[in-house]
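Peer 1: This is the structure, below, for whatever I ask next.
The values are calculated or read from the model by the stated rules, or taken from the named source; none is laboratory data. Predicted, not measured: the structure shown is a model, and the values here were computed from it. For neighbour counting, all protein chains shown are included, and Cβ atoms are generated from backbone atoms with ideal geometry for every residue, glycine included. For the accessible areas, the whole protein counts, side chains as well, though only heavy atoms, and no ligand, DNA or RNA atoms are used. Shrake-Rupley method; radii C 1.70, N 1.55, O 1.52, S 1.80 Å.
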Amino acid sequence: MKKGKELLSVTGRFVFIVGLFFSVYVFAMFQGGKVSWTIFYMLTPFLLYSIALFAYPMNNIKAERIIRTKTIERGGKLAVTVKLTRTVPFPLLYTVAIEKWADPSMVKNTKNRTKQIFLFGFKKHMEFSYEIDKLPRGEHIVEGVEIEVSDFFGWIQKRIFIELKDAILVYPNTTSIKYVPINAQYDRGSLISPFSLVKDTTMATGVRDYQSGDRVTWIHWKSFARTQNLMTKEFEDRQSEDIIVLLDGRESNLFEEQVELAASIVEEAANHQANIAFVSVGAETVAFPFIHSADQLHDVFGHLAKIRPVAAEDVQPLASTLPAVAGSVVLVTSNPDWTFIQSMMAIVKNTKSIVCFVLVDGESALPPQLQEQIRFAKAKGITIHALSRKQFSEAFKEVAS
């Protein structure tokens with residue numbers, strides 16, 4: 001319907017121009033005189049250009065988008081370059097190029113930087129660049145480029161939309177957390193658990209002869225100075241813990257902070273070789289089994305970029321296929337009501353502990369209802385830690401203490 005109206009409008013304008021051309025010619029023929037023919041000759045170039053523009057094939061214009069910013073975090077800047085090419089070197093005058101976004105509010109504060117007006121002329125190649133500041137977290141879709149050309153007086157206006165879809169992922173910000181294992185055990189004097197063993201290089205328990213493949217940082221230089229024999233430090237084998245991070249996907253004023261804390265925990269725990277799994281609870285339960293590669297971690301962050309909060313009544317029950325865990329469950333929420341926590345406990349079995357990080361507004365006192373929820377959960381044996389954004393880096397330190 002829209003294309004039909006545009007075609008009818010352009011056709012009507014073309015009929016008007018042709019009619020104007022013949023009207024001016026007839027007027028000059030019958031009226032005669034220098035003035036009449038001067039008017040005819042002055043208008044003729046403009047009218048002929050408008051007629052030629054009407055016949056110009058707009059579909060020979062192609063577009064290419066280059067996204068110069070590879071990774072964007074919440075509040076970051078997107079830099080884009082759009083290249084336009086064509087095969088027919090017709091002299092285009094007033095050309096307007098507009099990037100079309102699925103969500104127009106994305107570009108409402110860009111001061112029309114996504115809209116460019118330029119003189120194409122006889123050029124076959126043209127490009128323009130723009131930037132969008134302070135991007136919100138999420139998946140943002142840019143649908144294509146709209147090109148509009150016009151003649152001198154705006155009599156003929158032609159428009160084409162070039163579909164060029166791109167999805168821009170804006171990831172949550174992450175905070176560097178001082179990671180401390182919640183239930184780390186050592187192989188001496190403790191029960192053997194299914195945790196994987198990693199070397200704790202902060203605790204040397206003895207020395208042994210150097211073997212090929214030992215790291216240089218493990219060499220005991222004091223022994224070498226005394227005996228002239230290379231000796232290697234022996235370290236305690238630490239059992240790395242299993243962790244499931246559960247993100248509460250219910251609507252909240254602090255939902256963005258919840259996402260950022262969950263992303264920070266997953267990133268830091270993965271960097272410290274913990275066997276970490278991630279689960280988000282919302283309109284659907286999305287589970288990522290234990291993360292052992294950069295690709296798996298990237299998938300988690302892709303999900304965290306797209307996740308949207310849902311109303312409490314729209315939360316779907318947790319699936320019974322959550323990863324089995326023999327370690328700890330970390331619940332990230334801002335509404336620690338017992339009904340929700342109990343549903344987490346019912347589905348996650350064999351856990352050694354449940355730690356609940358409750359996001360709070362650090363600028364004001366805790367509401368009485370939230371204080372009551374925290375007291376009740378603690379009475380049920382749940383470890384609760386209320387955190388503001390400024391306390392993210394010390395989150396695990398508080399748990400370990």
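Peer 1: Can you tell me which condition PRO104 does not meet? The list is (1) under 22 Å from ARG68 (Cα atoms); (2) surrounded by 12 or more Cβ atoms within 10 Å (Cβ to Cβ), and all the others hold.
Peer 2: (2)
Peer 1: Next question, about the same structure. If you take the residues in the stretch 81-116 that are within 11 Å of VAL149 (Cβ to Cβ) and among the hydrophobic types (A, V, I, L, M, F, W, C), which one is modelled with the lowest pLDDT?
Peer 2: The extreme case among them is LEU93.
Peer 1: Hey, can you tell me all the residues within the stretch 137-158 that are open to solvent by 60 Å² or more (accessible area, probe 1.4 Å) and either among the hydrophobic types (A, V, I, L, M, F, W, C) or modelled with pLDDT of 90 or more (or both)? Full working, then the answer.
Peer 2: Within the stretch 137-158, the first condition is being open to solvent by 60 Å² or more (accessible area, probe 1.4 Å), and the residues that meet it are 139, 143, 152-153, 157.
Scanning the stretch 137-158 gives GLU139, GLU143, PHE152, PHE153.
Peer 1: Condition check: among the β-branched types (Val, Ile, Thr), touching a strand residue (DSSP E or B) at 6+ places or on another chain (Cβ under 8 Å) and within 30 Å of TYR171 (Cα to Cα). Does ILE61 satisfy that?
Peer 2: No.
Results for (1) more than 30 Å from GLU257 (Cβ to Cβ); (2) touching an Asp or Glu at 6+ places or on another chain (Cβ under 6 Å), shown as yes or no for each residue.
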| residue | (1), (2) |
| --- | --- |
| ILE67 | no, no |
| LEU78 | no, no |
| THR87 | yes, no |
| PRO91 | yes, no |
| ILE98 | yes, yes |
| LYS115 | yes, no |
| LEU135 | no, no |
| GLU139 | no, no |
| ASP151 | yes, no |
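Peer 1: Restricted to the stretch 373-398, and to residues that are under 13 Å from VAL332 (Cβ atoms) and open to solvent by less than 20 Å² (accessible area, probe 1.4 Å), which residue is nearest to the chain's Cα centre (by Cα)?
Peer 2: PHE392
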